Amino acid sequence: MLLTRNIYQIFRTHRIISKNFNYNLRPLSSISDAKYKGNYDIIIAGGGMVGCTLACALAKNSLFSTFKILLLESSPYKQFELRKEYSNRVVALSQNTKSLMSSLNVWKHIEDMRLQPVKHMQVWDACSDALISFNSADNYNDDVAYIVENDVLLHAVNTELNNTDNKNFNIVYEAKIADYTLPNSEEVNPKSLVKMNNGDTYSCQLLIGADGANSAVRRAMGVQYLSWNYDQMGVVATLYLAEETDNTTAWQRWLPSGPIAILPLDSQRSSLVWSTWEDNAKRLLKLPEEQFVDELNDALWKQYPRSGAVEGCMSWVSSCLRRAGLPDGAARQLPPSVQGVASSSRAAFPLAFGHSTRYIANGVALVGDAAHRVHPLAGQGVNLGFGDVKELTELLADATYGGFDINDPSYLQRYESNRQRHNVPTQLAIEALHRLYTVDLPPVVLLRSVGLQLTNALHPVKKLLMSHAAT
Ligand SMILES: Cc1cc2nc3c(=O)[nH]c(=O)nc-3n(C[C@H](O)[C@H](O)[C@H](O)COP(=O)(O)OP(=O)(O)OC[C@H]3O[C@@H](n4cnc5c(N)ncnc54)[C@H](O)[C@@H]3O)c2cc1C
C-alpha cells in the first residue's frame, strides 16, 4: 500500500499520470531498470504533433512490432480536457493529412471531439479587386481543408497510441536531453547516443529529430540550415462573429503588412491568424478588446488606396475573361464581421523561414519543423510534416520487409529525396507569395493581381494548385 502510494507520488510530482493514458510513462529520474535504458531501435526526439504521429504510425505497424521505440518529449504530460472554449492554436489540415490520420484510426477521435470542415476558401488582395476562391465542388466534392485545434489533434494521436498493444513502445515526458553523439558518416553499423541531463544514456540505430524549428538533432548533424526571420508575428485569437451562419468558409485577405486569415470553428466562432510586423503584433496584443475588434474589422473591410493604372488594367483583364466565358472574380463573397474576441485568447508567435539542406545523416533523419519551416500564409507547415511521417514510415517498412537495417542509407536517402522534391518547391512558392504580397508598388500589385485573377479563371491551374496543397 505504502509502495503504491510512493509510486503514485513520483508520478504526481512529474505530472505524467493520467487516467486515460497509462503507457509505460515514467519520469526519467525513476528509470533505473534495464528495460528503459540501453539500446533502442528507434528514438524519436520531440513529441509535438509530428513526432507523436510518427510514433503512432510506427507503433501501429506490425512490421515494427518487435522494434524497441522510444519517444522523448521535453515538456510535461498535459492532461487533456475538451473545453467549451476553443484553443487559440489551430491548424488547417489537408485531405492528405486526413487520409494519414484515417489510416491510423486517429481521424475518428478528432471527429468525436471536434473539427470544422472548410467547404469554401476566398483569398483576396486589399490593393486590387483580384481574388481566388476554392470550393469543395472544384475538389471532387472533398472538403477544401479541416480546422482542428492543435491540442485536439495531439490528444487524438495519443488516444490511438494508448490503444495500441505494442509493448515495445515507450514515452518519456520531461525528458531533458543534454547532448547527442552521432556516428560519423563512414560508420557501418551506426549508433547514435542520446545523453540525458541526469547522466542516463540511450543508444539507437535510428535517431529521428522531430524537435521543432530549433532542432538540437539538426544542430548535432552539423548540416547547413538556411533560415531567416520575417520580422513578423502571427497574432492568433478566438473570435465571435456578428452573425450565426453555417460558417464553412475560410477567409484570407492580403494586406500590405501581411495576410489576415479567419478560419471557421463553429456557427458563431472563428480562429484568427493575423500575420503582421512585430511591432504591430505586440501593439495589437495590448489593445483593449473593443479597439482590437475595430482594427480587425478594418483589416477585413477597409478600402486601401488603389492605383488608377492597376484598376484600369484589372478591369480590362476582367472584361476579357467575361468575353471568354471564364470567371472574372466578380462573384465575391463578403467576409464576416467580428463582434468580439474570447478573453485571454490573444497571443502572437514569431514567423520565420527554415530549410535544412539535408534531412538525413548516417543513422539520423529529420521530420517536420526540424527539417523545414514556412510562413503560415498557406496553412502548410504541419501538413508538410505529416507528409514526412507518411513517407518515412513507408520507406522504413519497405526496408524492414526487405530484410534491411532500419537505418539503411539507401532508404533514408530515398526519404530525403522524395520529401525534398515536394517540400522545397512548396517552401519556395510560399516564400514567393510572401515577398510578392508585402510590396504595394503598383507594377508588383498589377503583376500579382493579374496572376491571381488568371489562376482563379483557369480551372485546371486551380485544380493543380489544390492537389499540390493537399499532398
Ligand atoms: C500562427 C501559426 C499558425 C499555423 N497554422 C498552420 C496551419 O494552419 N496549417 C499547418 O499545416 N501548419 C500551421 N502552422 C505550422 C505548425 O504549427 C507547425 O508546422 C507544427 O507545429 C510543427 O510541428 P512539429 O511537431 O514538427 O514541431 P513542434 O510543434 O515545434 O514540436 C516539437 C516538439 O519537440 C519538443 N522538443 C524540442 N526540443 C526537444 C528536446 N531537446 N528534447 C525533447 N523534446 C524536445 C517540443 O517540446 C515540442 O513538443 C502554423 C504555425 C503558426 C506559428
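The values are calculated or read from the model by the stated rules, or taken from the named source; none is laboratory data. None of these values were measured; they are calculated from a predicted model. Glycine gets a Cβ as well: all are built from the backbone with ideal geometry, and neighbour counts include every protein chain shown. Note: accessible area is taken over every heavy atom of the protein model, side chains too, but ligands, DNA and RNA are not part of it. Shrake-Rupley method; radii C 1.70, N 1.55, O 1.52, S 1.80 Å.
Which of the residues that make up the stretch 298-338 are closer than 25 Å to residue 250 by Cα, acidic (Asp, Glu) and touching a residue at least 12 places away in the same chain (Cβ under 8 Å)?
Across the stretch 298-338, the qualifying residue is only 328.
Going through the stretch 191-202 one residue at a time, which ones are part of a strand (DSSP E or B) and either within 13 Å of the ligand (Cβ to nearest atom) or open to solvent by less than 20 Å² (accessible area, probe 1.4 Å) (or both)?
Within the stretch 191-202, 192, 194, 195, 196, 202 qualify.
So which residues in the stretch 78-94 are under 15 Å from residue 153 (Cα atoms) and either more than 16 Å from the ligand (Cβ to nearest atom) or assigned to a loop (DSSP other than H, G, I, E, B) (or both), if there are any at all?
Passing the criteria: 78, 79, 80, 81, 82, 83, 86, 87, 88, 89, 94.
Could you give me the residue pairs with C-beta distances under 6 Å whose first residue belongs to the stretch 86-99 and is more than 21 Å from residue 135 (Cβ to Cβ), whose second residue is of a type in the set (D, E, K, R) and open to solvent by 20 Å² or more (accessible area, probe 1.4 Å) wherever it lies, and which are 6+ apart or on separate chains?
Final answer for the pair search is 87/151.
Scanning the stretch 363-374 for residues that are outside any helix (DSSP H, G or I) and open to solvent by less than 10 Å² (accessible area, probe 1.4 Å), which turns out farthest from the ligand (Cβ to nearest atom)?
Among those that are outside any helix (DSSP H, G or I) and open to solvent by less than 10 Å² (accessible area, probe 1.4 Å), it is 363.
Which one is nearest to the ligand (Cβ to nearest atom), of the residues in the stretch 240-278 that are touching a strand residue (DSSP E or B) at 6+ places or on another chain (Cβ under 7 Å) and assigned to a loop (DSSP other than H, G, I, E, B)?
265
For residues in the stretch 327-339 being buried (at least 16 other Cβ atoms within 10 Å of the Cβ) and modelled with pLDDT of 80 or more, which is farthest from residue 459 (Cα to Cα)?
338
Go through the stretch 397-456 and report how many residues are aromatic (Phe, Trp, Tyr), open to solvent by less than 50 Å² (accessible area, probe 1.4 Å) and within 18 Å of residue 365 (Cβ to Cβ).
So the count comes out to 2.
Looking only at the stretch 380-409, count how many residues are of a type in the set (Phe, Trp, Tyr) and within 9 Å of the ligand (Cβ to nearest atom).
Qualifying residue count for the region: 1.
Give just the number: which of (1) open to solvent by less than 10 Å² (accessible area, probe 1.4 Å); (2) touching a Phe, Trp or Tyr at 6+ places or on another chain (Cβ under 8 Å) does residue 389 not satisfy?
(2)
Count, please, the residues in the stretch 394-442 that happen to be assigned to a loop (DSSP other than H, G, I, E, B), in contact (Cβ under 8 Å) with a residue 60 or more places away in the chain and not aliphatic (A, V, I, L, M).
Residues flagged as assigned to a loop (DSSP other than H, G, I, E, B), in contact (Cβ under 8 Å) with a residue 60 or more places away in the chain and not aliphatic (A, V, I, L, M) within the stretch 394-442 amount to 4.
With respect to residue 344, determine if the residue is over 19 Å from the mean Cα position of the chain (by Cα), among the small types (Gly, Ala, Ser) and on the phi > 0 side of the Ramachandran plot.
For residue 344, the condition - over 19 Å from the mean Cα position of the chain (by Cα), among the small types (Gly, Ala, Ser) and on the phi > 0 side of the Ramachandran plot - is met.
Which residue out of 377, 351 is within 16 Å of the ligand (Cβ to nearest atom), part of a helix (DSSP H, G or I) and of a type outside the set (S, T, N, Q)?
Being within 16 Å of the ligand (Cβ to nearest atom), part of a helix (DSSP H, G or I) and of a type outside the set (S, T, N, Q) holds for just one of 377, 351, which is 377.
With touching a strand residue (DSSP E or B) at 6+ places or on another chain (Cβ under 7 Å) and away from the ligand (no atom under 14 Å from the Cβ) as the only criterion, which of 125, 112 stands out?
125
Given 217, 148, 188, 157, which one is assigned to a strand (DSSP E or B) and either within 16 Å of the ligand (Cβ to nearest atom) or exposed (fewer than 15 other Cβ atoms within 10 Å of the Cβ) (or both)?
148
Among the listed residues 358, 323, 346, 306, which satisfies the condition of being over 30 Å from residue 218 (Cα atoms) and at pLDDT 95 or above?
346
Do the conditions hold for residue 180, that is, is it of a type in the set (Phe, Trp, Tyr) and within 26 Å of residue 104 (Cβ to Cβ)?
So residue 180 fails the test.
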